[in-house]
Amino acid sequence: MATRTTPRRNSKDGVTFVARSPIHGRGVYAYREILADEWIGTFKGVPVKRDGHYVLWVDRGNGKFSALEGRNHLRFVNHSSDPNAEFDGVELYALRAIAPEEEITIDYGDDWANDA
C-alpha cells in the first residue's frame with residue numbers, strides 16, 4: 001500500500017496533486033490509478049538559457065536542446081533511478097501503472113546522477 005500523503009495543492013486536472021516528498025521537498029502524486037503509457041500532463045514553463053531548479057531540458061532534434069523553467073505543478077516531479085514516468089518533449093507519460101497516492105518520478109539522466 002502506498003504511503004499516505006496529504007494534498008497541498010490540487011493541480012486541478014483530477015490526475016495529480018503536489019505534497020511533501022520523502023525524496024526531496026515537494027513531489028507530484030497520483031490522485032487515481034494511472035495506467036501504463038497514459039498521458040499524465042504537460043510541463044509548462046518559460047524559456048531560459050541556464051540550468052537551475054525546476055528546469056526541463058527538451059530535445060528539439062538535430063542535437064539541439066531548449067530549457068524551460070517550470071511554471072506548473074510538474075516542476076515538482078522528482079528523480080528516481082527506477083522511475084514510473086518519463087517526458088516525451090514536454091508531455092509526461094506513465095512508464096507503468098502508478099497507484100493512487102504513489103509519487104510520480106522520472107530519471108533525470110546520467111549527467112544529473114554524476115553531479116549529485
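Most exposed first by the Cβ proxy, i.e. fewest other Cβ within 10 Å, how do 16, 105, 42 rank?
So the residues, fewest neighbours to most, are 42, 105, 16.
Using Cβ contacts closer than 10 Å as the measure, can you line up 79, 73, 24 from fewest to most?
24, 79, 73
Rank these for me by crowding, 106, 98, 23, going from fewest to most other beta carbons within 10 Å.
23, 106, 98
Can you give the relative contact order of segment 23-116 as a percent, counting alpha carbon pairs under 8 Å and 6+ residues apart?
This gives 38 percent for segment 23-116.
Compute the length gained on full extension between residue 93 and residue 46: take 0.36 nm times their separation in residues and subtract their Cα-Cα distance, giving the result in nm to one decimal.
Computed gain between residue 93 and residue 46 is 14.8 nm.
All of the numbers you see were taken from the coordinates with simple rules; none came from a lab. This structure is a prediction, so every number in the text was calculated from the model and none was measured. Cβ sites come from the backbone with ideal geometry, for glycine too, and all protein chains shown count toward neighbours.
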